[in-house]
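Read-outs: derived from the displayed coordinates by stated rules, not from any lab. Please read all numbers here as calculations on a predicted model, not as lab measurements. Heads up, the Cβs are rebuilt from the backbone with ideal geometry, glycines too, and the neighbour counts pull from every protein chain shown.
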Amino acid sequence: MDKLKMHSINKVDENIEKIGKLFPNCITERKNEKGEVEYAIDFDMLKQELSAVVVEGNEERYQFTWPDKKKSILLANAPIAKTLRPCREESVDFDNTENLYIEGDNLDVLKLLQETYLGKIKMIYIDPPYNTGNDFVYNDDFAESANEYLANSGQFDEDGNRLVKNLDSNGRYHTDWLNMLYTRLKISKDLLSDDGIVYISIDDNEVINLRKICDEIFGECNFIAQIVWKNKFGSGALTSGFIGVHEYILVYSKKPIINITRTLTDEERENYNKTRDSKFETRGGYVTQPLAVTTFGDRPNLRYPITYKGQEIWPNKQWVWEKSRMLKAIENDDVVFNLQKDGSYNLRSKKYLIDENGNERRGKPTTIYTDVYTQNGTEDIRVLFDKVVFDYTKPVKMLQYLIDLEVNNQSSKEDLILDFFSGSATTAHAVMRLNAEDGGNRKFIMVQLPEETDEKSEAYKAGYKNICEIGKERIRRAGAKIKEESPMTTADLDTGFRVLKLDSTNMKDVYYNPADYEMSMFDTLADNIKEDRTPEDLLFQVMLDLGVVLSSKIEESTIGGKKVFNVADGFLMACFDENVSEETITAIAKQKPYYFVMRDSSMASDSVATNFDQIFATYSPDTVRKVL
């Protein structure tokens, strides 16, 4: 419920609104004397609008900026003392799956992932809030310093809300949205592999600003496409003006790319229907393509005659291939000589459905996508839940299309795919379905804030109190349905996921700031680990700290009566039990792990502590030893 203003009208605001209607380019956002962002007039620009000559002012330069942009950069770079805690009871096939579902603020999660997954993500897809005036944005606090940010573990507003509605009447309308997305995209770029690609769904409200920040973060040279997605059949009888039936998908790469291809459609495959004179039945049918180009180039080696049945055949301009390649193709029966009405011959090359390496040909994607609509995304949800528990979800088929695109002719079947605005987990659903269809082994990482569902919504009535509950249940149901539909081919399909939840660090403050505590206090602070944390909690924070992939295989064993974790087949071994003896340490050292981690206070005696390094020097001198 809105509050009454209880004061007279603000004429300045009214005047700004009037000027904005006459000169929209003169409206800007700035900070007032209280440090609050508000709408204001760019007086230099207004002077220019009212002058017939160039008005002298600050030197002009090309730039795109907004209030708090520098602080958003600071926020992106600031470290955090947080961790990800495993939740086995909400996971599916925790011990075997390579997929992750992470609950928490995606800014903090991206920071925690940035070392472990540096350069490992092949594709990022996000569907962020669209900033329509009613959407929610993350309420990042740009008023605090870096140190205050570190101390602020909750990141909630005074009412306990992590998300705030970004109304178009708000003076920070563009500012809040830009700051929210800029920080997250800035971090996510480092996660991409060198041939990695990011896809971002967006509509008209912020597409221009989004392109500008992506040009700055990824580089203009790495802009690939602005795909227009026809997302509606057609509607809007009451709309004044044009009926909006499209959205966009911006596509950027980590580094300049050479080529992007897509799977052929059934209709395109049917075009490869010429087989009557083919010697390569195993390569399927073929289509033909002209071998003569219609314009002159600057390569004289492409203009030469071909002799066939006593005729000398010249191209009108030049050939596509140089002579040795042309003769080799003719010898291999890869050239068709079509007799024309005037008695001349037209040369065309054969292009088989299956290429020389045994792979099916691929097509080129276009900047228009019309295969599915928003209604299809709604139906995807309805089929799984028997009701619509999530609005405006993207269609699974569209996500499959994007995931299946290949970069630089490299297979996409082993890719790691990240979605840090995962919503109802459409991306995870698409990954599993595509793997089932083509035998791929793609893995996903979903990140979602546990945003509460509206008490009046179908989701809440169905028992889903937050969006994460919907996302996890969707993956469970989608995985089960995919296996049920194709039991013979999906027996080994990974439809599981490890649930990890963002939380404050496992370590007490004394761990980070021992200088702040007097010596007399250390007897009461002998344990620097929080009481409610489990050994598995500690293990995952250690994995993050050492850059060990969070989906790594984890095995537990008992050595000398103590629980020992073995991660990634001996890459990391850890023991967090109390009173660890020389027997346990010696047995671990003999397995020669790359890393070994234990609690500093866990050694059974001073003798064990004294002999610790000597034991490893004897059995595994190259093991990197760490203590908590």
Taking only the alpha-carbon atoms of the range 527-577, what semi-axes of the equivalent ellipsoid follow from 5 times the gyration tensor eigenvalues under a square root, in whole Å, largest first? 17, 16, 8
Can you list the lysines whose alpha carbon sits under 25 Å from that of residue 34, skipping same-chain ones fewer than 8 residues off? 3, 5, 11, 18, 69, 70, 71, 165
Total lysine pairs under 21 Å (Cα atoms) in the range 277-375, excluding pairs fewer than 8 apart on one chain: 15
Going highest first, how would you order 612-622, 105-115 by mean Cβ packing within 10 Å? 105-115, 612-622
Rounded to the nearest whole number, the Stokes-Einstein translational diffusion coefficient of the range 266-360 at 4 °C and 1.567 mPa s (Kirkwood radius, C-alpha pairs) in µm²/s is 89 µm²/s
Could you check what % of the DSSP bridge pairs in the range 518-627 are antiparallel, to the nearest 5? 50 percent
Expressed as cubic angstrom per residue, what is the convex hull volume of the alpha carbon set of the range 172-211? 65 Å³
In debye, nearest 20, what is the charge dipole magnitude of the chain about its Cα centre with +1 on Lys and Arg Cβ and -1 on Asp and Glu Cβ, if you could check? 2820 debye
Provide the packing ranking of 359-371, 300-312, i.e. peptides ordered by the mean count of other C-beta atoms within 10 Å per residue, highest first. 359-371, 300-312
Pick out, from 339, 551, 366, the residue whose Cα sits farthest towards the positive end of the charge dipole of the chain, with +1 on the Cβ of Lys and Arg and -1 on the Cβ of Asp and Glu. 339
For the range 518-627, just the Cα set please: Rg and Dmax, both in angstrom. 14.0, 43
What percent does the relative contact order of the range 266-360 come to when contacts are Cα pairs within less than 8 Å and at least six residues apart? 32 percent
Given N residues in the chain, what is Rg(Cα) / (2.2 N^0.38 Å)? 1.20
